[in-house]
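Have a look at the structure below before the remarks.
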Ligand code: MG
């Protein structure tokens, strides 16, 4: 059986936001990334856009410890983790950020972005992540349209000339290798002002993802004026709404020796009866997800009368619901699940279930609640005739323009 992946299915990625610069060219008391446009610090605009991407696995911000108070006031509102301490220049700062993510696998995708580019869009972020996963290294860039000339009078051939922006996306192993090599001979980055330069120095091709000129890096006071105009004259930020879905599922016990709950196999004296693998936890979550888009329930999409779903791994059902939500640009916010059963004991397995559901849904573990209660031996659940699960989910959707 095959669930067709939506073309809009997000590529999972990690993000590193470079915000340690002093922004000396902009003037003013505050470093540029903390100066406000439209009532919010530039860094906050940037972070909010990244945090709205369903593919985002985790984000880290590299800061100058001298700016810690400014960072904290943003981090509190966005529930961010501890920042990474930057170094004396951008390369060293990004290298510290890469080491912060040292638990990543070589093939994981990491996006590196300048805090001072708040006009990045959701679509551009997803596209860079997708192209980095395909090619190993990718960056947003715009073809140069102004004529280019050196001081000495020579002209630069404009064709095939790109102005490179961020985000820049890489396979983690590749960009770490590039930084380690650059770090060994600390002057090797002299002509490189970004991470694609270090990766290209390894001989690796960089995939150019055509970007928009609106993705400016706010560097000078003039940029700041342009940025303010863009925000005041541009379309209003796309409105979002949060929808809640509820799911409930029960399966009866029968002869057997393992149960599947939330994708975790648990040895038990009996098993749960069902047409699929009878994973009541994933079924409740899946139905809750379908509920947020009015798309029926598991039975609608995977009829028990169809033999192809017999003994099916319930992650297939969950992925279908997640794909349908992604196709509508929905972003799952959190899941809360409660099992109601006398047996098996859930608590020894709750952490594994939480991590499994988080991984399946592209959420951090603190957005997945796994709880359990008994029925105090009353009723069919109390007599251990079966096991029930209830799930509530919240999903953020863009509001359709009417
Ligand atoms: Mg079920």
Being within 15 Å of the ligand (Cβ to nearest atom), assigned to a helix (DSSP H, G or I) and under 22 Å from residue 10 (Cα atoms) is the filter here, so list the residues in region 306-325 that pass it. 315, 316, 317, 318, 320, 321
If you check residue 186 against the conditions, is it at pLDDT below 90, within 21 Å of residue 98 (Cβ to Cβ) and out of contact with any strand residue (DSSP E or B) (no Cβ under 6 Å at 6 or more places or on another chain)? yes
Single residue of 133, 141 found to be over 20 Å from residue 46 (Cβ atoms) and buried (at least 18 other Cβ atoms within 10 Å of the Cβ): 133
Those residues of region 289-305 which are part of a loop (DSSP other than H, G, I, E, B) and at pLDDT 90 or above, in sequence order: 293, 294, 295, 296, 297, 302
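One line per residue, one yes/no per condition, for (1) farther than 30 Å from residue 371 by Cα; (2) free of Cβ contacts under 8 Å to residues at least 60 places away in the same chain; (3) exposed (fewer than 13 other Cβ atoms within 10 Å of the Cβ):
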position: 206; (1), (2), (3): yes, no, no
position: 209; (1), (2), (3): yes, no, no
position: 224; (1), (2), (3): yes, no, no
position: 244; (1), (2), (3): no, no, yes
position: 258; (1), (2), (3): no, yes, no
Do you know which of the residues in region 146-158 that are touching a strand residue (DSSP E or B) at 6+ places or on another chain (Cβ under 9 Å) and part of a loop (DSSP other than H, G, I, E, B) is surrounded by the most Cβ atoms within 10 Å (Cβ to Cβ)? 158
Residues that are over 30 Å from residue 360 (Cα atoms), more than 16 Å from the ligand (Cβ to nearest atom), modelled with pLDDT under 95 and in contact with a strand residue (DSSP E or B) (Cβ under 7 Å, 6 or more places away or on another chain): does region 219-229 have at least one? yes
If a residue must be in contact with a strand residue (DSSP E or B) (Cβ under 7 Å, 6 or more places away or on another chain) and either without any contact (Cβ under 8 Å) to a residue 24 or more places away in the chain or over 20 Å from residue 397 (Cα atoms) (or both), how many such residues does region 324-364 contain? 16
For region 289-305, which residues satisfy the criterion of being within 15 Å of the ligand (Cβ to nearest atom) and either surrounded by fewer than 16 Cβ atoms within 10 Å (Cβ to Cβ) or farther than 16 Å from residue 323 by Cα (or both)? 296, 299, 300, 303, 304, 305
Checked region 247-264 for anything away from the ligand (no atom under 12 Å from the Cβ) and in contact with a strand residue (DSSP E or B) (Cβ under 8 Å, 6 or more places away or on another chain); matches are 253, 254, 255, 256, 257, 258, 259, 262
Looking only at region 265-285, and only at residues there that are surrounded by fewer than 20 Cβ atoms within 10 Å (Cβ to Cβ) and part of a strand (DSSP E or B), the one that is farthest from the ligand (Cβ to nearest atom): 267
Restrict the check to region 361-379 and report whether at least one residue is over 12 Å from residue 281 (Cβ atoms), more than 20 Å from the chain's Cα centre (by Cα) and part of a strand (DSSP E or B). yes
Which residue pairs have Cβ atoms under 7 Å apart, sit 6 or more places apart or on different chains, and have a first residue in region 264-292 that is in contact (Cβ under 8 Å) with a residue 24 or more places away in the chain and within 16 Å of residue 342 (Cα to Cα) and a second that is part of a loop (DSSP other than H, G, I, E, B) and within 8 Å of the ligand (Cβ to nearest atom)? 272/278
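The values are calculated or read from the model by the stated rules, or taken from the named source; none is laboratory data. Not measured: the values here are computed from a predicted model. Because the Cβ atoms are built from the backbone with ideal geometry, glycine has one as well, and the counts that use them run over all protein chains shown.
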